[in-house]
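What follows is one structure encoded as structure tokens, with my remarks underneath.
Any read-out appearing in this document is the output of simple, stated calculations on the displayed coordinates, not a laboratory observation. Fair warning: this is a prediction, and the values are worked out from it, not measured in the lab. Cβ sites come from the backbone with ideal geometry, for glycine too, and all protein chains shown count toward neighbours.
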Amino acid sequence: MFRFLLTRLLATIPVLFVVAVAVFLILRLTPGDPAAVIAGDSATTEQIEQIRASLGLDQSIPAQFAIWAGNALRGNLGESFFFKKQVSELIGQCIEPTLALAVCTIVLAVAVAVPLGVLAAWHHGSWLDRVLMGFSTLGFSIPVFVLGYLLIWLVSMKLGWLPVQGYRRLAEGFGPFIRHLILPSITLSIVYIAVIARITRAAVSEALTEDYVRTARAKGLPERVVVLRHALRNAAVPIVTIIGIGIAVLIGGVVITESVYSIPGLGRLTVAAVLARDFPTIQAVILLFSVAYVLINLLIDVSYLFLDPRIRY
Amino acid sequence: MSEPAATVAEPAEPFLDAPPREVARKLLRNPAVLVGGAVLALLLLIAVLAPWLGTVDPTMLDPGNRDLLPGVAGEVTTLTGETFAHTFWMGTDSYGRDIYSRVLFGGRVSLIVGVAVALLSLAIGMTIGLCAGYIRGLDSVVMRIMDGLMAIPGILLAIALVAMWRASLFTVVVAITIPEIPRVTRLVRSLVLTIREEPYVEAARSVGTPTAAMLYRHVLPNTLAPLIVQGTYICALAILVEASLSFLGVGLPTDIPTWGNIMAEGRLQFQQFPHNVLFPGAFLALTVLAVNMLGDGLRDTLDPRFNERGVRR
């Protein structure tokens with residue numbers, strides 16, 4: 001097990017390296033002088049010179065990468081000239097709404113998708129199965145922002161049940177906090193539900209054809225126990241895997257959902273940074289999201305050891 | 001397939017595992033292919049025929065007709081001074097532009113982007129995947145790079161690339177294509193790794209077929225079915241991402257009518273005039289749904305081995 005953890009950890013290093021190189025290149029491949037691009041239109045010549053020195057632009061490209069990566073590893077993501085702040089400080093301010101939205105969405109999606117997938121697998125081929133899978137295709141197809149506006153229009157404007165937009169910090173009380181998160185989480189979770197439900201259905205249907213399920217049924221176990229304890233448990237690994245891979249979908253959706261609901265999180269920060277062509281912030285946000293994605297999937301790989309005792313690396 | 005006479009009798013290639021007529025018959029019996037294909041054909045027709053479907057210039061500003069509700073009848077004066085009666089089936093936006101005309105013309109952009117991204121990412125991904133799967137030395141390096149690129153959430157990468165290059169139809173297509181390439185590459189590579197062990201490939205190799213001819217003649221045809229399916233899903237995703245970019249304000253310039261752009265402008269006064277967001281949103285969702293249905297149907301008929309799609313973005 002220790003060897004598995006070690007090899008798995010080592011395997012993330014090349015991935016993170018490629019991510020870092022790609023993010024580094026975003027600025028370098030932008031037409032124009034990187035220092036001038038970072039400084040923005042209103043910068044003075046001295047400011048540009050200062051940035052040029054801090055980036056090491058007079059050195060070779062690999063050396064520049066080393067300087068940049070070294071700083072990023074120490075948490076120094078550069079300075080945003082548009083927002084006039086350290087990028088790390090900006091991210092610190094925006095991280096709470098995004099984390100809250102992501103956690104709510106994941107919890108909601110798993111709580112809805114896994115039972116639906118199990119139900120579809122259990123009634124494999126029936127009308128219920130077809131209806132559920134039809135909804136799943138629909139879920140893939142409705143754009144997050146269309147769904148978001150549809151929900152705002154229906155739930156907030158016509159019915160007046162929930163606030164239209166905005167965000168309240170957890171520190172302002174749990175009630176307002178959660179009321180502002182319900183619609184965004186539902187909006188964002190639909191695609192994720194569609195993905196997880198499909199994989200759950202496939203994995204559970206496959207497990208239901210196994211010999212141990214026949215044995216369990218033959219010895220007279222109630223169907224509920226057969227499906228939940230025998231089939232679902234054996235289907236856990238693909239389900240957990242897709243939850244991890246789906247985080248990428250989730251991150252893309254966060255950017256749009258935050259924009260629709262005016263949530264001041266990392267997604268809104270990304271869009272604002274892109275519109276202002278604020279490259280240090282763009283780089284930092286992409287780096288942060290990608291590293292989070294890689295680490296979550298690392299944790300999920302490790303969780304296989306606990307989910308499925310048969311797995312021995 | 002017209003090939004030069006081979007030196008040995010070559011075994012029949014199992015392209016799509018059945019003769020074309022059989023495949024066509026099976027496709028026409030699949031309800032998802034029929035419905036998805038019909039809706040898509042209709043949307044394509046609408047996009048092509050947009051100028052003749054009772055539309056006016058979708059970019060024409062008309063201060064006299066601002067913020068009209070759907071279905072209002074009125075008059076339009078063209079730039080040449082002609083005045084004629086026009087019914088604003090979907091209302092107008094705050095610049096007095098006819099939403100009906102904008103939505104119809106916007107369909108062109110979506111369909112062009114969807115098809116272009118699908119073809120481009122298939123072509124590039126296929127080339128890289130074939131090489132990685134067939135040339136041993138390349139495999140691990142190429143796949144590590146692809147793993148790294150896949151760790152960056154697709155929409156974020158596209159947003160950053162557009163920010164680098166400034167948006168035009170070409171840069172938007174390229175920016176959406178790049179995050180898709182690793183996924184196609186992975187698919188092609190895994191197919192190639194299976195196919196290269198087949199007896200007919202071994203036979204061809206034993207008579208000294210050059211690598212390029214081998215890939216083109218024996219390996220490539222057998223990857224087509226899953227690739228067509230994958231291409232459909234990429235098309236659906238590309239339409240969604242293009243609309244998302246426009247919606248966030250980082251996509252195509254706002255003077256081009258795209259569904260995302262219409263919604264981006266409409267969202268500012270969504271609470272008074274939801275039609276500016278809901279009509280293009282409905283068209284967008286319908287288009288993506290049709291493409292996804294077509295993909296599901298194609299997958300079930302052409303490619304029964306891959307009966308569950310994994311996550312697609």
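Annotation note: GluC sites (Glu not before Pro) in the range A:194-243 located in DSSP loop regions with a Cβ neighbour count of at most 15 within 10 Å are A:Glu210. Just checking the listed ones, A:Ile242, A:Ile61, A:Ile142: in the Gaussian network model of chain A with Cα springs under 10 Å, the one fluctuating most is A:Ile61.
With the biggest extent put first, the Cα atoms of the range A:167-313 measure 65, 38, 26 Å across the principal axes. For the segment B:156-168, counting C-beta atoms of other chains within 10 Å of every residue's C-beta and taking the mean gives 6. Shielding of peptide A:133-143 by partners, expressed as the average count of other chain Cβ atoms within 10 Å per residue Cβ, is 6.
Helical content of chain A, expressed as a calculated mean residue ellipticity at 222 nm, amounts to -24500 deg cm²/dmol (DSSP H runs of 4 or more residues, -39,500 (n - 2.57) each, divided by residue number, nearest 500). Relative to the longest principal axis of chain A, what angle (0 to 90°, nearest 10) does the C-alpha long axis of helix A:174-208 take? The two axes meet at around 50 degrees. Across peptide A:281-290, the average count of Cβ atoms from other chains found within 10 Å of a residue's Cβ is 3. Residue-wise HN-Hα couplings along the range B:262-271, as the Karplus relation 6.51 cos²θ - 1.76 cosθ + 1.60 with θ = phi - 60° gives them from phi, are 4, 5, 4, 6, x, 5, 4, 10, 4, 5 Hz; Gly and Pro carry x. The dipole here belongs to the protein assembly as shown: it is taken about the Cα centre, uses +1 on the Cβ of Lys and Arg and -1 on the Cβ of Asp and Glu, and is about 1740 debye. Just so you know, the Rg over Rh for the protein assembly as shown is 0.98, from Cα atoms, with Rh as the Kirkwood radius.
With q set to 0.18, 0.22 Å⁻¹, the log10 of I(q)/I(0) for the range A:72-133, from the Debye formula over equal scatterers at the Cα positions, is -0.73, -0.89. Charged side chains reduced to their Cβ positions (Lys and Arg at +1, Asp and Glu at -1) give the range B:93-244 a dipole of some 180 debye around its Cα centre.
Our coupling estimate for the range A:121-130, obtained by passing each phi through the Karplus curve with A = 6.51, B = -1.76, C = 1.60 and θ = phi - 60°, is 5, 5, 9, 3, x, 7, 5, 4, 4, 5 Hz, Gly and Pro reported as x. Loop-resident trypsin sites (Lys or Arg not before Pro) (DSSP state other than H, G, I, E or B) in the range A:76-176 with no more than 12 further Cβ atoms inside 10 Å of their Cβ: A:Lys84.
Amide H to amide H under 5 Å from B:Thr87: which residues, 5+ apart in sequence or cross-chain, H placed 1.01 Å off N in plane? Here B:Gly74 satisfy the definition. Here the gap between B:Ala282 and B:Thr127, fully extended at 0.36 nm per residue and compared with their Cα-Cα distance, gives a gain of 52.2 nm.
Where does chain A land on the Kirkwood hydrodynamic radius, alpha-carbon pairs, in angstrom? Computed over Cα pairs of chain A, the Kirkwood hydrodynamic radius comes out at 22.3 Å.
The chymotrypsin sites (Phe, Trp or Tyr not before Pro) of the range A:105-199 that meet both conditions, a loop assignment by DSSP and at most 16 other Cβ atoms within 10 Å of the site Cβ, are A:Trp161.
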